[in-house]
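The block underneath contains the structure these notes are about, expressed in C-alpha cells.
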Amino acid sequence: MAVWTDASSLATGVVLESADGDVIEDACWLRHNEATHINMAELDAAIRGVNLAVAWGARTIDLRTDSATVHCWLDDAISGRAPQNKGARGTADELRAAVCQSHDRAGHPGVRRTLYFARRDVSRDVTRAMARAVVENCDACRSIDPAPVRWRHGSLGVSVPWQRISIDVTHHRGQNYLTVIDCGPSRFCVWRSLRRANANEIVGHLEQLCLERGAPEEILTDNDTVFRGRHMAVLTARWRVEPVLLRRSARLQSRMVR
C-alpha cells in the first residue's frame, strides 16, 4: 500500500493508494498550531498516514513524502542507526566538519535540531554557536530557507461551524482540486475537481457552496492571484464575506504563518 503525505500552511493531508493505483481513503486535518515548523507538520502527516494504513490492515507500506528532512528522520528511526563517534575529540576544524556532515545527514534542519543531532552523533562538546555557524554557512540552507521570522502563536479555529473556511488549490496526479476546510469544530472538508485552476471556475464552485450551505463570514486564502482578482471580489461583495489574505500580516501574525 502506498501512503502519500503532504502538509501546507493550513492543513496536512494523507492519501492511501492500492497496488493497482486506486485511492482507498483520503483524509485532511487542519493544523492546530500553524506557527510550528513545516518539517514538523510533514512529520505529523507521515505518522498519521502510517497509522491510517495500519488501521486498514496494511502489512507493507510505501511511504511517499516530498520532505527530505522527514525522510531522514524516519529512515534513522526504522534502521536504528547507531550514533557515530559519540566520544570524538579533535581539533576545531575536525569537529566543525563532523557537525557539517551530521547536519547534511539529518536533512538540513534548523539550529536546534542540528545541535541535537551533532551532540548525539558527534560529540557532547558541540556548542549552539557552532551549530548556528554551520546552518548559517550552509549553501543548501541559504538557497531554500526563508528569512527567520518569529511569529506570535495563534489558532485558525473558530467555535461556530462554517463561520470561517479556508480554501486552496491542491494538485494530485496532474489534476487540480479546490480544497475547502471548515475552521469550526467539525473540520468538515470539501474537494471539488477543477478543469482549470482559474478564478472563474474557482469562484463558480464557491458560489455553489454558498448556495448549498450558506455563506461563511470569512474566507481564508493564500496570496495566489486567483484569490485576489475581480471575480473573487464580486463574490465576496455579493455574499458579504470578508476575504482574509496572508499578505495582511498586520492582522494575521497571531493567527498564521506562511
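Okay, here's what the table says:
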| item | result |
| --- | --- |
| Selection status of Asp6, closer than 21 Å to Val180 by Cβ, in the same structural domain as Arg59 (by TED's automatic domain parsing) and surrounded by 18 or more Cβ atoms within 10 Å (Cβ to Cβ) | yes |
| Residue match in segment 243-258 (condition: modelled with pLDDT of 90 or more and out of contact with any Cys (no Cβ under 6 Å at 6 or more places or on another chain)) | no |
| Residues being closer than 23 Å to Ile38 by Cβ and either of a type outside the set (Val, Ile, Thr) or at pLDDT below 90 (or both) - total across segment 121-135 | 4 |
| Selection count, segment 1-42, where residues are more than 9 Å from the chain's Cα centre (by Cα), over 25 Å from Val158 (Cβ atoms) and not acidic (Asp, Glu) | 12 |
| Residue in segment 152-161 that is at pLDDT 90 or above and among the hydrophobic types (A, V, I, L, M, F, W, C) present | yes |
| Pairs with Cβ under 6 Å, 6+ apart, first in segment 37-51 and in the same structural domain as Leu16 (by TED's automatic domain parsing), second in a helix (DSSP H, G or I) | Asn39/Thr69; Glu42/Val70; Leu43/Val70; Ala46/Val70 |
| Check on Arg230, surrounded by fewer than 18 Cβ atoms within 10 Å (Cβ to Cβ), more than 17 Å from Ser9 (Cβ to Cβ) and not assigned by TED's automatic domain parsing to the domain that holds Ala7 | yes |
| Test result for Gly49, under 13 Å from the mean Cα position of the chain (by Cα), over 19 Å from Pro109 (Cβ atoms), surrounded by 20 or more Cβ atoms within 10 Å (Cβ to Cβ) and not hydrophobic (A, V, I, L, M, F, W, C) | no |
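The values are calculated or read from the model by the stated rules, or taken from the named source; none is laboratory data. In this text, all values refer to a predicted model and were calculated from it rather than measured experimentally. Cβ coordinates were reconstructed from backbone atoms using ideal geometry, including for glycine residues, and neighbour counts include every protein chain displayed.
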